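Here is the structure we will look at, set down as structure tokens.
The numbers here are math on the coordinates, done by the rules we state, and not lab data. Nothing here was measured: the structure is a model prediction, and the numbers come from that model. Positions of Cβ are generated from backbone atoms using ideal geometry, with glycine treated the same way; all protein chains shown enter the neighbour counts.
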Amino acid sequence: MTQKPVMHSAHWGAFHAQREGEHLRVTPFPRDPDPSPLLQNFRHALHHPARVARPMVRRGWLENGPGPDQRRGADEYVAVSWEEACQRVAQELKRVGDAHGPAGIFGGSYGWSSAGRFHHAQSQVHRFLNTVMGGYVRSVNSYSSGAASVLLPHIVGDMTEIARRGVSWEEIAAHSDIVLAFGGLALKNSQVASGGLSEHTERGFMRQAAQRGTRFISVSPLKSDLPDEAQGEWLALRPGTDAAFMLGLLSVLIADGLTDEAFLARYCVGWPEMVAYLRGEEDGVVRDARWAAEICGISSEAIGTFARRLHGKRVLVTVAHALQRAEHGEQPVWLGLVLAAALGQPGLPGGGYTYALGALGHYGKHHNLVSFPALPQGKNGIDRLIPVARIADMLLNPGTPFDYNGRRLTYPHIRLAYWAGGNPFHHHQDLARLRRAFCQLDTLIVHESAWTASARHADIVLPATMTLEREDIGGAPTDRHLVAMQPVAAPYAEAKDDYTIFSELARRLGREEAFTEGRDARGWLQHHYRQLQEKLAAHQVTIPEFGQFWQQGVIELPQVKDGGRMINAFRADPEAAPLPTPSGKIEIFSATIAGFGYENCPGHPVWREPQQKPDADHPLWLIANQPATRLHSQLDFGEYSLSGKRGGREVCRLNSQDAAARGIADGDIIELYNDRGHVLAAARLTDAIMPGVVQLPTGAWYDPVDPTAARPLCRHGNPNVLTLDIGTSSLTQGCSGQITVVQVRKFAGEVTPVQAFIPPQ
Ligand SMILES: Nc1nc2c(c(=O)[nH]1)N[C@H]1C(S)=C(S)[C@@H](COP(=O)(O)OP(=O)(O)OC[C@H]3O[C@@H](n4cnc5c(=O)[nH]c(N)nc54)[C@H](O)[C@@H]3O)O[C@H]1N2
Ligand SMILES: Nc1nc2c(c(=O)[nH]1)N[C@H]1C(S)=C(S)[C@@H](COP(=O)(O)OP(=O)(O)OC[C@H]3O[C@@H](n4cnc5c(=O)[nH]c(N)nc54)[C@H](O)[C@@H]3O)O[C@H]1N2
Ligand SMILES: [Mo]
């Protein structure tokens with residue numbers, strides 16, 4: 001059976017999809033200059049055996065009822081009817097709600113879901129828990145930028161302004177002499193943007209900028225973090241040591257009289273404190289280039305030459321999300337800003353500081369004049385929160401106090417967690433610990449389209465449709481195309497969309513009208529589209545009626561071009577246009593942060609030794625970065641994701657010297673291990689990664705041989721078995737999963753095939 005192609009959209013691009021029997025033909029949006037190969041992960045997805053076909057209940061929960069249970073992750077599942085599943089979920093929600101109130105329910109439900117704005121699963125869960133259950137314990141910030149999004153408002157302004165509106169690619173191509181990218185600008189990352197990304201323009205802009213003379217410099221342990229088109233340089237440094245390197249650079253600039261003192265005096269507060277720290281006036285430790293060289297592995301001469309090169313140039317400094325997804329992750333984010341300020345660059349065209357350029361397709365883009373409406377969330381009746389990556393801490397330590405951004409909060413006692421649109425057994429660190437944490441719950445409910453490890457730890461699994469099986473609207477604030485996401489296929493087996501499931505539960509709990517407001521999914525799409533029309537009409541912009549939009553499949557929205565940025569106005573007149581910081585200036589020293597009294601994040605940027613560093617037992621750094629062949633764990637069974645594996649296993653790249661020292665040949669199955677567990681992967685030898693560093697991307701579905709083992713062995717290659725579950729600092733409590741330390745050896749045990757994509761019993 002072949003159908004006509006329909007328009008659809010994913011976080012990694014817009015496309016046309018056409019049924020070819022059970023498979024799909026996926027053709028990129030014709031206006032996309034550089035479409036993402038991730039689109040091909042959809043090809044065989046619709047009927048993949050890993051899909052969840054019907055509602056399932058964990059045997060232990062069914063037989064013994066709700067309660068803490070060590071069998072989670074290792075139990076069998078029993079198929080039930082939708083009628084029974086909904087009745088049990090509604091009953092359990094009522095039980096927990098009556099006995100513990102919203103404070104007993106965790107509804108954070110972190111995760112990327114799919115691109116459609118209405119069926120956005122988190123929005124659906126949150127609206128449901130607010131309108132039906134009176135609220136829930138929420139999570140704040142993201143795994144992406146847990147440290148930066150808390151730090152930046154204290155020192156320069158909010159994340160959106162500094163990352164999404166910091167600079168445009170046009171400006172870089174026209175003005176930047178040097179783009180100094182900590183963590184690089186890998187195209188694998190900017191092919192993705194939440195809500196959709198219809199035009200991939202980074203490659204073209206980098207080529208254009210390089211041709212005009214922009215020098216791209218990637219500071220990273222991996223050469224592959226800068227694409228060939230940038231024609232740039234690779235400066236290899238030890239993972240987690242950027243802060244020391246930047247302090248070394250600042251010392252050289254000061255010693256050589258190359259700092260822009262007029263800028264620092266007029267636009268910043270705290271430069272004297274920074275200088276005093278560098279000179280060791282606080283503690284006798286002089287942080288000069290020699291000191292930095294010892295830590296970061298770049299020679300003091302090279303640090304000196306590098307610092308001097310930056311002087312007198314239009315320099316843009318950017319720091320990837322990756323650097324702050326680590327212990328003391330605030331420090332490189334803060335120091336990147338200080339470096340740009342010391343060079344006098346903020347507010348100049350193509351210069352200054354922008355956060356996380358290239359880490360997502362949103363950054364460096366123009367913004368739509370108005371945004372597409374979001375599903376209203378209702379009101380949360382309680383104000384209980386955790387920083388998102390503290391989930392396991394919360395479940396394991398109810399009632400325990402913790403620090404966060406100047407507040408002393410307490411972990412609530414959670415009885416029921418509700419997850420839709422996220423995969424904690426992908427995104428969280430130390431998966432054995434996460435399993436222990438989830439075993440504390442009375443009940444875990446998950447809506448999923450496929451049998452991810454998170455679904456396999458749930459008590460009740462409700463089969464959710466994939467984006468391809470429903471109508472929605474795809475749009476992002478940085479994408480000028482609004483896409484009518486038309487269904488390609490009927491729902492798989494018994495799958496239902498999240499909205500339909502929640503509507504049914506709301507009905508059973510007597511709150512249907514509050515949740516649905518009398519609308520079906522199409523009704524909401526029309527309602528939101530009408531709101532968009534009204535917002536645009538206020539700017540004298542007309543767009544077609546909904547029916548025409550739906551038929552066309554895509555419309556173009558007006559954008560605002562460069563200019564009107566906070567930082568430019570601030571540069572023009574810092575008194576008239578102060579920054580939204582307590583001093584109105586760039587805060588090299590923050591009295592607010594100093595006032596919190598955190599040893600692990602004082603009032604100005606510092607170097608702090610991390611708890612994790614290579615030692616005799618774990619001599620290698622592991623970089624667990626974003627995968628090139630998929631978005632996180634989504635569609636890991638997809639065609640393109642599988643094409644990047646070897647023998648079905650994830651590929652771990654390591655330096656040829658490190659491999660030779662261990663008798664490892666290209667293609668060997670290797671075992672990465674530390675105190676938290678063991679992971680198998682296929683070895684790929686390369687010299688494009690610095691010695692002492694190995695790299696295994698995230699996203700291979702967790703596939704433990706014995707799920708209940710204290711130190712599990714994952715056959716498939718999920719690095720979060722190995723990463724450490726600690727907050728970035730008391731200030732931000734972000735995720736620190738990007739890097740950890742491991743040992744590697746050729747695997748000597750019995751090799752069993754990967755079973756991650758075979759549904760549980
Ligand atoms: N070690 C390490 N860990 C990391 C990172 C790292 O760099 N290193 N990066 C972190 C970062 S930045 C992030 S953002 C997180 C990402 O972590 P997640 O966002 O949790 O990862 P995804 O794989 O995108 O999970 C989305 C899930 O939602 C499901 N889904 C999609 N659409 C729908 C829908 O409509 N309804 C329902 N019910 N389900 C749906 C998908 O099947 C998938 O399982 O990972 C973090 N974890
Ligand atoms: N294809 C694809 N693209 C994605 C995603 C995906 O899953 N797949 N996820 C998206 C999401 S949600 C996010 S938040 C962004 C994340 O954006 P990032 O966090 O920036 O992405 P990563 O790939 O984890 O890291 C970028 C690079 O930083 C380098 N790096 C790691 N540690 C260090 C260090 O200590 N110092 C220096 N100098 N460099 C270091 C690594 O070599 C790594 O390749 O990516 C987005 N883009
Ligand atoms: Mo992220």
Test of understanding: what is the full-extension gain from ARG31 to ARG565, defined as 0.36 nm times their sequence separation minus their Cα-Cα distance? 189.4 nm
Is the shape of the stretch 67-192 rounded, prolate or oblate, going by the alpha carbon gyration tensor and its root eigenvalues a ≥ b ≥ c, with a/c under 1.5 for rounded and a/b larger than b/c for prolate? prolate
Please identify which residues in the stretch 721-761 have an amide N closer than 11 Å to a label point set 7 Å out from the Cα of ARG711, following the Cα→Cβ vector. 743
Return the sequence-ordered ³J(HN,Hα) values of the stretch 330-339 in whole Hz as given by the Karplus equation 6.51 cos²θ - 1.76 cosθ + 1.60 applied to θ = phi - 60°, using x for Gly and Pro. 5, 5, x, 5, 5, 5, x, 5, 4, 4
Tally the DSSP beta bridges in the chain and give the antiparallel ones as a percent, rounded to 5. 55
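Report the FRET efficiency, 1/(1 + (r/R0)^6), for LEU642 and ALA591, where r is their Cβ-Cβ distance and R0 is 51 Å, rounded to 0.05. Write down the numbers at each step before the final one.
Details: r = 53 Å, r/R0 = 1.04.
E(calc), rounded to 0.05, equals 0.45.
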If Lys and Arg each add +1 and Asp and Glu each add -1, what is the summed charge of the other residues whose beta carbon sits under 10 Å from the beta carbon of GLY204? -2
Measure nothing but the geometry: give the 0 to 90° angle between the long axis through the Cα atoms of 82-100 and the longest principal axis through the Cα atoms of the chain, rounded to 10°. 60
If I take R0 = 45 Å and measure r between the Cβ atoms of GLN526 and ASP98 in this structure, what FRET efficiency does the formula 1/(1 + (r/R0)^6) give, to the nearest 0.05? 0.75
At 0.36 nm per residue, minus the direct Cα-Cα distance, what do GLN761 and SER81 gain on full extension? Give it in nm, one decimal, please. 243.1 nm
Derived scalar couplings ³J(HN,Hα) [the stretch 576-591; Karplus, 6.51 cos²θ - 1.76 cosθ + 1.60; whole Hz; x for Gly, Pro]: 6, 10, x, 6, x, 10, x, 8, x, 10, 5, 9, 6, 10, 10, 5
I'd like the FRET efficiency for ALA616 and ASP687, computed as 1/(1 + (r/R0)^6) with the beta carbon distance as r and R0 of 30 Å, rounded to 0.05. 0.75
Quickly rank 187-200, 156-169, 257-270 as a protection proxy: mean count of other C-beta atoms within 10 Å, highest first. 187-200, 156-169, 257-270
Counting only helical runs of four or more DSSP H residues, what would the 222 nm mean residue ellipticity of the chain come to if each run contributes -39,500 (n - 2.57) and the total is spread over all its residues? -8000 deg cm²/dmol
Gain on full stretching of the segment that runs from ARG519 to VAL554 - 0.36 nm per residue minus C-alpha separation: 10.2 nm
Express in % the proportion of alpha carbon pairs of the chain at distances exceeding 34 Å. 48
Below 8 Å between Cα atoms, with a sequence gap of 6+, how large is the relative contact order for the chain in percent? 20
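With a ≥ b ≥ c the root eigenvalues of the C-alpha gyration tensor of the stretch 620-746, is it rounded (a/c under 1.5), prolate (a/b larger than b/c) or oblate?
Here the stretch 620-746 falls in the rounded category.
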For ARG59, project a label point 7 Å along Cα to C-beta. Then give me every residue of the stretch 68-97 with its amide nitrogen under 18 Å of that point. 69-81
Indicate, rounded to the nearest 5 percent, the antiparallel portion of the DSSP beta bridges found entirely in the stretch 620-746. 65
Once Lys and Arg are counted +1 and Asp and Glu -1 for all other residues with Cβ under 11 Å from that of GLY108, the total becomes +3
Give the lysines whose C-alpha is closer than 27 Å to that of LYS4, dropping any in the same chain fewer than 8 places away, or say none. LYS496
How many nm is it between the label spots at THR400 and GLN18, if each spot is 7 Å from the Cα in line with the beta carbon? 5.7
Taking amide hydrogens as modeled 1.01 Å from N in the peptide plane, which residues meet the under 5 Å criterion relative to GLN559, leaving out close sequence neighbours? LEU369
What nm distance separates the two modelled labels at LYS313 and GLN540, each placed 7 Å from Cα along Cα→Cβ? 4.5
May I ask you to list the lysines whose Cα is less than 26 Å away from that of LYS313, ignoring any residue fewer than eight positions away on the same chain? LYS223, LYS365, LYS561, LYS585
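Quick check on the stretch 258-309: take the gyration tensor over C-alpha atoms, sort the square-rooted eigenvalues as a ≥ b ≥ c, and tell me if it's rounded (a/c under 1.5), prolate or oblate.
oblate
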Peptides 412-423, 284-295 ordered by average Cβ neighbours within 10 Å, highest first: 412-423, 284-295
Could you list the residues of the stretch 262-285 with an amide nitrogen less than 18 Å from a label point located 7 Å from the Cα of ASP573 in the Cα-to-C-beta direction? 266-267
Once both labels are modelled 7 Å past Cα along the beta-carbon direction, what's the SER656-GLN533 spacing in nm? 6.4
